[in-house]
Amino acid sequence: GYTFPDEVGPELLSAVGPFRQNPGRDALGVIDDDTYFECLEAQLQRQADVTLHLARTRPDWTGIFTQTHSTDYANHFFIAQSDAISGAPAAVVKRNYEGMYRTYEACDRWIGRLMEGLLDEHTVFCLVSDHGGTPTTFRVTDVNRVLEGAGLLVYKEGARRGGGGEGAAG
């Protein structure tokens, strides 16, 4: 039930083994961080196994999409106290900063493996984020205003400003 088309699921189970949908994020704070990051690494590498298997066995497919929620998990669990401005004790700040860092290291390895296995002269590889992560205890940052202020975003004449990217060209 986690694949489209559905019939790919049994093939993947046979070819690459079972898939853990969630690396134990609900256990963060209950299990130790090293165990969580071992689970995260295993999950991301299995996702790479699945993606690379599909790329090899489905040459007629015009697109393969894969995604991870691990950075979102990290944003919910670690980011609020990953900076000294949070007021958390130094040991908590250090642990949470390391949690963010280790999450992005694991994602970098996952992305690197996908790039090594997929890229050729005919492949487009896109890396997309659905949203950034900021601590919820602080003021929300309007990314468009920051980009505009840095000269990295301009608007077409008459375009609506703020509240999203509609009318923006950058």
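The values are calculated or read from the model by the stated rules, or taken from the named source; none is laboratory data. Keep in mind that this is a model prediction, so the values were computed, not measured. Positions of Cβ are backbone-derived with ideal geometry, glycine not excepted, and every protein chain shown enters the neighbour counts. Surface areas here come from the heavy atoms of the whole protein model, side chains and all, with no ligands, DNA or RNA. Shrake-Rupley method; radii C 1.70, N 1.55, O 1.52, S 1.80 Å.
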By how many nm would the segment from residue 147 to residue 94 lengthen if fully extended, with 0.36 nm per residue of separation less the alpha-carbon distance? 16.2 nm
Expressed in nm to one decimal, what extension gain is obtained for the pair residue 156 and residue 85 from 0.36 nm per residue of sequence separation less their Cα-Cα distance? 21.8 nm
Accessible carbon and sulfur surface of the chain relative to its total accessible area, %, 1.4 Å: 55
Let me check against my output: what whole-number percent is the relative contact order of the range 32-114, with C-alpha pairs under 8 Å and at least 6 apart? 35
Simple SL model, points at 7 angstrom along Cα→Cβ for residue 101 and residue 42; separation in nm is 2.5
Rounded FRET efficiency, nearest 0.05, which uses the C-beta distance separating residue 121 from residue 31 and R0 of 41 Å: 0.40
Taking only protein heavy atoms into account and a 1.4 Å probe, give the accessible area per residue of the chain in Å². 68
Could you derive backbone 3J(HN,Hα) for the range 55-60 from the dihedral phi with the Karplus parameters 6.51, -1.76 and 1.60 (θ = phi - 60°), listing whole Hz in sequence and x where the residue is Gly or Pro? 5, 6, 9, 10, x, 7
Using θ = phi - 60° and the Karplus relation 6.51 cos²θ - 1.76 cosθ + 1.60, list the HN-Hα couplings for the range 16-33 in order, rounded to whole Hz, with x at every Gly or Pro. 10, x, x, 10, 9, 5, 10, x, x, 4, 5, 9, 4, x, 9, 8, 6, 4
Against the globular-protein guess of 2.2 N^0.38 Å, express the Cα radius of gyration of the chain as a ratio, rounded to two decimals. 1.26
State, as an integer percentage, the relative contact order of the chain based on alpha-carbon contacts under 8 Å between residues 6 or more apart. 15
List the pair-distance distribution P(r) of the range 43-85, using every Cα-Cα distance, as the percent of pairs falling in each 10 Å bin from 0 up to the bin containing the longest distance, rounded to whole percents. 23, 33, 22, 15, 6, 0
Value at 222 nm in deg cm²/dmol, rounded to 500, when DSSP H runs of n ≥ 4 in the chain each add -39,500 (n - 2.57): -15000 deg cm²/dmol
Find the percent of Cα-Cα distances in the range 43-131 that exceed 21 Å, and round it to a whole number. 43
